[in-house]
Ligand SMILES: [Zn+2]
């Protein structure tokens, strides 16, 4: 099903023409931003320099730090009186980033979400529980307005009070949910604990943090849903940048609104299809906060253009953020890899924490994971067996020796929003 078939299936010359026209518009829009005025002047880049889409490579990158330096309104390209909403990013690693929206931006954003929901078969008659933060986080209001646009019955339940969430799913006959994959796992856990059936659920939309295919299998089995991956970030409106279609083999980027490149994160060199690197996005329709070549920090690759659903341009599921990537004794490790390994071991649960320390100049990684009582005899010898198994499986995948600590079921933190599973205690890292 399509929300906007003409645009969603646009390909070839027609698509290129539209993208080029919008890229030129974006270049004119960023000229209202001091940061870009200076960058373009220093680079000697004028409007005439953009003749083809490849010319985007002449434009400067924008980094998250640039946006922070512009706090609060340095990147707003319209008079503040035309900004009808403000969100901020979480600011977990410094000052938050402010993002602004004009009325037209909000309409464009809702349209992208409407396409996502329609693409996975949601329509009038579906009851949609939006279990994410409705505050400054873009996931709440972003999905909310898109879902209303499609005509779903929207329950703005936000996060927290998991038992109440379960009651609402049952009482209102909820057919689709949206939350982080970590919270979905917690929801499944609590539902099982209290013996609650979630028989009306069919669709799960999960995003805001990277999650593995093993996690998908687990969530589908335990919640009885088909699970779809949702990708976005606040700097690019919020959710709705890319989304899985029913094929669930990569995420379609809404190519009329976002021009994408994949680069080598260390050299900035542009990579080809099938080469994994950092996703760089130039939004094509953002009015209040236009950006050039925004470095998302997310690691992915471009997939072949053909998809049975008829849409084009796909990216692979995000492996991790370049900021989340841990370098342990020179080896790159993403928390999603650890999750994938642990989900494959029935003797342990799905919750884990990672601690990184430097001991005698060597990186040491300790992973805490909960034991699964159903697969544990209670004997000390069995504990040793399970521990050895987890260490071996992690070593086979990560090519790293780790310390594994088995802990009581239910003793590790649960996360309602984005999970924070890694605690890096090394100095100067
Ligand atoms: Zn598709």
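The values are calculated or read from the model by the stated rules, or taken from the named source; none is laboratory data. Because the structure is a prediction, the values reported are computed rather than measured. Note: ideal-geometry Cβ built from the backbone for every residue, glycine included; neighbour counts use all protein chains shown.
Among the residues of region 378-388, is there at least one that is within 30 Å of the chain's Cα centre (by Cα) and modelled with pLDDT under 90?
No: zero hits.
Might you check whether a residue that is farther than 19 Å from residue 110 by Cβ, in a strand (DSSP E or B) and either at pLDDT 95 or above or within 16 Å of the ligand (Cβ to nearest atom) (or both) occurs anywhere in region 231-249?
Residues of region 231-249 that are farther than 19 Å from residue 110 by Cβ, as a first pass: 244-249.
Next, from what is left, pick out any that are in a strand (DSSP E or B): 244.
From what is left, the residues that are either at pLDDT 95 or above or within 16 Å of the ligand (Cβ to nearest atom) (or both) are 244.
Checked against the condition, which is being farther than 19 Å from residue 110 by Cβ, in a strand (DSSP E or B) and either at pLDDT 95 or above or within 16 Å of the ligand (Cβ to nearest atom) (or both), region 231-249 yields at least one hit.
Identify, by number, the condition in (1) in contact (Cβ under 8 Å) with a residue 24 or more places away in the chain; (2) within 25 Å of residue 326 (Cα to Cα) that residue 388 doesn't meet.
(1)
Sort out which residues of region 302-322 are part of a strand (DSSP E or B) and within 11 Å of the ligand (Cβ to nearest atom), and write them in order of number.
Passing the criteria: 303, 314.
Please find, within region 115-137, the residue that is nearest to the ligand (Cβ to nearest atom) out of those that are part of a helix (DSSP H, G or I) and farther than 24 Å from residue 417 by Cβ.
Per the criteria, the residue is 119.
Working carefully through the options 216, 276, 293, find the one that is more than 16 Å from the ligand (Cβ to nearest atom) and closer than 30 Å to residue 193 by Cα.
Sole residue among the options that is more than 16 Å from the ligand (Cβ to nearest atom) and closer than 30 Å to residue 193 by Cα: 216.
Would you mind stating whether residue 265 is closer than 17 Å to residue 334 by Cα and either touching a residue at least 40 places away in the same chain (Cβ under 8 Å) or within 16 Å of the ligand (Cβ to nearest atom) (or both)?
Values: closer than 17 Å to residue 334 by Cα: yes; either touching a residue at least 40 places away in the same chain (Cβ under 8 Å) or within 16 Å of the ligand (Cβ to nearest atom) (or both): yes.
So residue 265 passes the test.
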